[in-house]
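A.B. asks: My structure is below; once you've seen it, I'll send some questions.
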Amino acid sequence: MLNQSAKRRSRYKRALSDPVDGRFQIEGDTEILSLVHDYRYLTRPLLELLTARRGTSLKRRLRFLYDHRYLAKVHFSRAYRETGSMADIYVLDEHGREQYQRTTGDKADASPLRNQNKDPQLEHTLLINTVRAMVTAACRGHEGTELVEWHRESKQTRDTVLFDDGSARTVAPDAFFILRRGEKVMPFFLEADRSTMDLNDMVRKYATYNAYYETIQADRDYQRKHPDHVLANRFGIPGFRVLTVVEQDSEWQQTRNRDRLSSLMDSGLRAVKNGAGWKALWFTTKARLDLAQPETILTPVWHVAYQGETEPLRSIIE
């Protein structure tokens, strides 16, 4: 029988007088700190996915790292629901930054800890990180498929495209990544949608991607005639797909009486001049991506915003 006098530990209160016993584990704990540093925000379900550690083992290591100030938890005002309950969101704490620098030799990036409750992009970043973790885990379990590059949004993931009228727009994805399967290289731009952007702005965004693709194709045609020519786009890619993952917003759906996924796909159709859409615009919802089966992100869960498409769903590694 449980001791009724035993107090349950608060999830946001460190046990300073009675911390979890043990010592820092160079291999396993460094992996955790490196992942949290790289992703900036991670939840335990995502760490389980990335480390392949489950249940009590990982839970105890996270509690140790939390009690000893290697990790901190975000006290976020809104409940981020990932598995039916609010998941702890971890960031590097002071000792974690120091240990990361000692064990890797690299200076740790600025920690989001100080502004952890004020980051308006926190939930958006977590959606991006969920996609990244699933792609990483899926490739690990899918023989022959490799994630060779992943870059989160920054100046390095932006490029400029010129339109026929002389105007210029910026291609600015939430992330850029490349998969490789044998000799086939598959570049992707990621858009993580939380129903915050106006649909007309999304039409403009998808039209910019389409113009960028056409510019790359024209450059490829020139390269075929001049083999020494290097593709001029920032990413050095011969083409790409745009993946949009929608985190369905019930409030958006109630106020507009429309499914966000369908509305975004309509935006993709409108983005191309003839309204027929474009085969490179792929859409899915977070609800269709199962953390327990990360390979689902590579399978036919993707809708294509293209009028001539005969298959309702497509696979990311086609």
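A.B. asks: Within region 190-232, take every residue that is in contact with an Asp or Glu (Cβ under 8 Å, 6 or more places away or on another chain) and of a type in the set (Gly, Ala, Ser) and give me the one that is nearest to Gly166 (Cα to Cα).
C.D. replies: Step by step, filter region 190-232, then rank; the result is Ala232.
A.B. asks: Which of the residues that make up region 174-195 are without any contact (Cβ under 8 Å) to a residue 60 or more places away in the chain and in a loop (DSSP other than H, G, I, E, B)?
C.D. replies: Asp174, Gly182, Glu183
A.B. asks: Check whether at least one residue in region 113-125 is crowded, with 16+ Cβ neighbours inside 10 Å, within 21 Å of Leu243 (Cβ to Cβ) and either of a type in the set (Ser, Thr, Tyr) or modelled with pLDDT of 90 or more (or both), and report yes or no.
C.D. replies: Looking for residues that are crowded, with 16+ Cβ neighbours inside 10 Å, within 21 Å of Leu243 (Cβ to Cβ) and either of a type in the set (Ser, Thr, Tyr) or modelled with pLDDT of 90 or more (or both), one finds at least one in region 113-125, hence yes.
A.B. asks: Here is a follow-up. Does His75 count as over 24 Å from Met134 (Cα atoms) and at pLDDT 90 or above?
C.D. replies: When the stated conditions are applied, His75 does not pass them.
Residue-wise test of (1) out of contact with any strand residue (DSSP E or B) (no Cβ under 7 Å at 6 or more places or on another chain); (2) at pLDDT below 95; (3) open to solvent by 10 Å² or more (accessible area, probe 1.4 Å); (4) small (Gly, Ala, Ser).
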position	(1), (2), (3), (4)
Gln156	yes, yes, yes, no
Thr170	no, no, yes, no
Arg194	yes, yes, yes, no
Met197	yes, yes, yes, no
Met202	yes, no, no, no
Tyr213	no, no, yes, no
Val230	yes, yes, yes, no
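A.B. asks: Moving on to the next point. Looking at region 304-313, can you tell me whether even one residue there is of a type in the set (Asp, Glu), at pLDDT below 95 and farther than 22 Å from Leu126 by Cα? Explain how you work it out, then say what you get.
C.D. replies: Let us first name the residues in region 304-313 that are of a type in the set (Asp, Glu), namely 309, 311.
Checking the rest, the ones that are also at pLDDT below 95 come to 309, 311.
Narrowing the set further to residues that are farther than 22 Å from Leu126 by Cα leaves 309, 311.
Checked against the condition, which is being of a type in the set (Asp, Glu), at pLDDT below 95 and farther than 22 Å from Leu126 by Cα, region 304-313 yields at least one hit.
A.B. asks: Also: Any chance you could count how many residues in region 32-72 are open to solvent by 20 Å² or more (accessible area, probe 1.4 Å), among the small types (Gly, Ala, Ser) and modelled with pLDDT under 95?
C.D. replies: The number of residues fulfilling the criteria is 3.
A.B. asks: Also, I was wondering about something else. For region 232-252, what are the residues that are part of a strand (DSSP E or B) and either hydroxyl-bearing (Ser, Thr, Tyr) or open to solvent by less than 20 Å² (accessible area, probe 1.4 Å) (or both)?
C.D. replies: Within region 232-252, the subset part of a strand (DSSP E or B) is 241-246.
The answer is Val242, Leu243, Thr244, Val245, Val246.
A.B. asks: Going through region 269-298 one residue at a time, which ones are of a type outside the set (Asp, Glu), touching a residue at least 60 places away in the same chain (Cβ under 8 Å) and either out of contact with any Asp or Glu (no Cβ under 6 Å at 6 or more places or on another chain) or assigned to a loop (DSSP other than H, G, I, E, B) (or both)?
C.D. replies: Answer for region 269-298, where residues must be of a type outside the set (Asp, Glu), touching a residue at least 60 places away in the same chain (Cβ under 8 Å) and either out of contact with any Asp or Glu (no Cβ under 6 Å at 6 or more places or on another chain) or assigned to a loop (DSSP other than H, G, I, E, B) (or both): Arg270, Ala271, Val272, Trp278, Ala280, Leu281, Leu289, Leu291, Pro294, Ile297, Leu298.
A.B. asks: Run down Gly239, Gly275 and say which single residue is out of contact with any Cys (no Cβ under 6 Å at 6 or more places or on another chain), modelled with pLDDT of 95 or more and of a type outside the set (A, V, I, L, M, F, W, C).
C.D. replies: Working: Gly275 fails: modelled with pLDDT of 95 or more.
Selected residue: Gly239, the only one of Gly239, Gly275 that is out of contact with any Cys (no Cβ under 6 Å at 6 or more places or on another chain), modelled with pLDDT of 95 or more and of a type outside the set (A, V, I, L, M, F, W, C).
A.B. asks: Kindly list, by first and then second residue, each pair from a residue in region 299-318 that is over 16 Å from Val242 (Cβ atoms) to a residue that is modelled with pLDDT of 80 or more and small (Gly, Ala, Ser), limited to pairs with Cβ atoms under 7 Å and residues at least 6 apart or on different chains.
C.D. replies: From region 299-318, the pairs are Thr299/Ser315; Pro300/Ser315; Gln307/Ala276; Gln307/Gly277; Gly308/Ala276.
The values are calculated or read from the model by the stated rules, or taken from the named source; none is laboratory data. Not measured: the values here are computed from a predicted model. Note that we place each Cβ from the backbone using ideal geometry, even for glycine, and neighbour counts take in every protein chain shown. Note: areas computed on protein heavy atoms with side chains; ligands, DNA, RNA excluded. Shrake-Rupley method; radii C 1.70, N 1.55, O 1.52, S 1.80 Å.
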